[in-house]
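**Student:** Got a structure for you, written out below as structure tokens; questions coming shortly.
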Amino acid sequence: MDLISSLGNATFENYVGMESGFTEMAYQMSAHVLTLGYAIMLAGLLYFVLTIKTVAPKYRISSVLSVVVMISAFLLLFVQSQNWTGAMVYDAESARYMLGDGNDLFNNGYRYLNWLIDVPMLLFQILFVVSLTKSSFSSIRNGFWFSGTAMIITGYIGQFYEVTNPTLFFVWGFISTIFFFHILYLMKKVITEGKEGAPAKAQKYLGTIWTLFLFSWMLYPGAYLMPYLFSLGLEPALSETAVVARHITYTIADVSSKVIYGILLTLAAQEMSKAEGYDYEKMENAL
């Protein structure tokens, strides 16, 4: 039985696991990176809970949304990590980790489920920190929600075809990218308007957020395309290096776009709170 007929629309990680398997290094690097991902989300959860009172009440909804994002990311990335270790089994004869017979296949769909929850939350967060001077709050919010949800759903569909049907894989990826660029357009507008009238330090944090946003969100299309980036052709590279590179890329993107982004928003909100007369440090010292 050939690989296509036995694995069907499984992602390329499973094809690598069945065809050649993973060396100890490749398997453990993937396992450790996946563990690091959900561990950082748990640490981020603690940070956002402990710092929620360091900003004025009007900005705290952003911290609340960060808490929701951390909980969602921790739970689903934990399941993703367990899915990896459960799918691959050590084969003493070949000294490699192979896709286990009768085991669940490895599935990147857990990440997409996480993003379906987190992406709208992440995009909404900044709207509770900055003040829009020209755009409508509801219009931007609805645009974020629609394009964010559509981007994730179309990407989710596309990833099932990354081995069996490259044409559909790229078509769905292209559709997802259209929504992706719309989100970038809206975020740029929000940050540009948000800088107007904001304290100097807050403006600096908002500028850093835009740079971080571009960096972290650009990693996701790269991870989506990873098997083809390694093959440099129209056939996916069934390479353990590509698998490890995808895990690392997704983890860096998730940590940057969720945890670091949330921290920068908190710092910006703290500066805005101080400018409005709410200084948590002085209040603490007075007690």
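The values are calculated or read from the model by the stated rules, or taken from the named source; none is laboratory data. On a predicted model such as this, the values are computed, not experimentally measured, just so you know. Here the Cβ positions follow ideal geometry from the backbone for every residue, glycine too, while neighbour counts run over all protein chains shown. The protein model used for the area step is the full one, side chains on, heavy atoms only, and it has no ligands, DNA or RNA in it. Shrake-Rupley method; radii C 1.70, N 1.55, O 1.52, S 1.80 Å.
**Student:** Taking the stretch 25-42 on its own, how many of its residues are touching a residue at least 60 places away in the same chain (Cβ under 8 Å) and hydrophobic (A, V, I, L, M, F, W, C)? Spell out how you get there, then give the answer.
**Tutor:** Start the filter on the stretch 25-42 by keeping residues that are touching a residue at least 60 places away in the same chain (Cβ under 8 Å), which leaves 26-27, 29-30, 33-34, 36-37, 40-41.
Checking which are hydrophobic (A, V, I, L, M, F, W, C) leaves us with 26, 29, 33-34, 36, 40-41.
Residues that pass the stated criteria total 7.
**Student:** So which residues in the stretch 142-165 are crowded, with 18+ Cβ neighbours inside 10 Å and in a helix (DSSP H, G or I)? Steps first, please.
**Tutor:** Taking the stretch 142-165 as the starting set, the residues that turn out to be crowded, with 18+ Cβ neighbours inside 10 Å are 143-144, 147-148, 151-152, 154-156, 158-163.
Residues satisfying the conditions are Gly143, Phe144, Ser147, Gly148, Met151, Ile152, Thr154, Gly155, Tyr156, Gly158, Gln159.
**Student:** Tally time: how many residues in the stretch 166-197 are part of a helix (DSSP H, G or I) and either of a type in the set (Val, Ile, Thr) or farther than 30 Å from Leu105 by Cα (or both)?
**Tutor:** Final tally of qualifying residues: 20.
**Student:** When you look at Tyr97, is it touching a strand residue (DSSP E or B) at 6+ places or on another chain (Cβ under 6 Å) and either assigned to a strand (DSSP E or B) or under 19 Å from Gly8 (Cβ atoms) (or both), yes or no? Spell out how you get there, then give the answer.
**Tutor:** Working: touching a strand residue (DSSP E or B) at 6+ places or on another chain (Cβ under 6 Å): yes; either assigned to a strand (DSSP E or B) or under 19 Å from Gly8 (Cβ atoms) (or both): yes.
Criteria met by Tyr97.
**Student:** Continuing with this model, one more query. Cβ contacts < 7 Å: first residue farther than 25 Å from Gly37 by Cα and at pLDDT 95 or above, restricted to the stretch 229-246; second residue open to solvent by 80 Å² or more (accessible area, probe 1.4 Å) and acidic (Asp, Glu), any location; separation 6+ or different chain. Result?
**Tutor:** none
**Student:** Which of (1) of a type in the set (A, V, I, L, M); (2) touching a strand residue (DSSP E or B) at 6+ places or on another chain (Cβ under 9 Å); (3) in a helix (DSSP H, G or I) does Leu105 not meet, given it meets every other one?
**Tutor:** (3)
**Student:** Within the stretch 132-139, is even one residue touching a helix residue (DSSP H, G or I) at 6+ places or on another chain (Cβ under 7 Å) and either of a type in the set (Lys, Arg) or closer than 21 Å to Leu212 by Cα (or both)? First the steps, then the outcome.
**Tutor:** Taking the stretch 132-139 as the starting set, the residues that turn out to be touching a helix residue (DSSP H, G or I) at 6+ places or on another chain (Cβ under 7 Å) are 132-135, 137.
Those still in the list that are either of a type in the set (Lys, Arg) or closer than 21 Å to Leu212 by Cα (or both) too: 132, 134.
Yes; the residues of the stretch 132-139 include at least one that is touching a helix residue (DSSP H, G or I) at 6+ places or on another chain (Cβ under 7 Å) and either of a type in the set (Lys, Arg) or closer than 21 Å to Leu212 by Cα (or both).
**Student:** Are there any pairs with C-beta distances below 6 angstrom linking a residue in the stretch 189-203 that is open to solvent by 70 Å² or more (accessible area, probe 1.4 Å) to a residue that is part of a loop (DSSP other than H, G, I, E, B) and among the polar types (S, T, N, Q), with the two at least 6 apart or on different chains, and if so which?
**Tutor:** From residues that are open to solvent by 70 Å² or more (accessible area, probe 1.4 Å), the pairs are Glu196/Thr133.
**Student:** To continue, here is another question. Looking only at residues in the stretch 238-261 that are more than 15 Å from the chain's Cα centre (by Cα) and hydroxyl-bearing (Ser, Thr, Tyr), which one is surrounded by the fewest Cβ atoms within 10 Å (Cβ to Cβ)?
**Tutor:** Going through the qualifying residues, I end up with Thr241.
**Student:** Looking only at the stretch 170-212, how many residues end up being over 13 Å from Val130 (Cβ atoms) and either of a type in the set (Phe, Trp, Tyr) or touching a His at 6+ places or on another chain (Cβ under 8 Å) (or both)?
**Tutor:** Total meeting the criteria: 7.
**Student:** Somewhere in the stretch 65-75, is a residue touching a Phe, Trp or Tyr at 6+ places or on another chain (Cβ under 6 Å) and without any contact (Cβ under 8 Å) to a residue 60 or more places away in the chain?
**Tutor:** Within the stretch 65-75 (the criterion being touching a Phe, Trp or Tyr at 6+ places or on another chain (Cβ under 6 Å) and without any contact (Cβ under 8 Å) to a residue 60 or more places away in the chain), the answer is yes, since at least one residue qualifies.
**Student:** Follow-up question, since we're still on this one. Is the stretch 23-32 home to any residue that is modelled with pLDDT of 95 or more, polar (S, T, N, Q) and open to solvent by less than 30 Å² (accessible area, probe 1.4 Å)?
**Tutor:** Among the residues of the stretch 23-32, at least one is modelled with pLDDT of 95 or more, polar (S, T, N, Q) and open to solvent by less than 30 Å² (accessible area, probe 1.4 Å), which makes the answer yes.
**Student:** Please go through the stretch 65-115 and give me each residue that is within 17 Å of Leu7 (Cα to Cα) and open to solvent by 50 Å² or more (accessible area, probe 1.4 Å), ordered by number.
**Tutor:** Val89, Asp101, Gly102, Asn103, Asp104, Leu105, Asn107
**Student:** Across the stretch 33-64, what is the number of residues that are open to solvent by 40 Å² or more (accessible area, probe 1.4 Å) and polar (S, T, N, Q)?
**Tutor:** So the count comes out to 1.
**Student:** If we keep just the residues of the stretch 262-277 that are more than 26 Å from the chain's Cα centre (by Cα) and assigned to a helix (DSSP H, G or I), which is surrounded by the fewest Cβ atoms within 10 Å (Cβ to Cβ)?
**Tutor:** By that ranking, first place goes to Ala275.
**Student:** Look at Phe124 and say whether it is farther than 23 Å from Met70 by Cα, under 19 Å from the mean Cα position of the chain (by Cα) and buried (at least 17 other Cβ atoms within 10 Å of the Cβ).
**Tutor:** Numbers: farther than 23 Å from Met70 by Cα: no; under 19 Å from the mean Cα position of the chain (by Cα): yes; buried (at least 17 other Cβ atoms within 10 Å of the Cβ): yes.
No, not satisfied.
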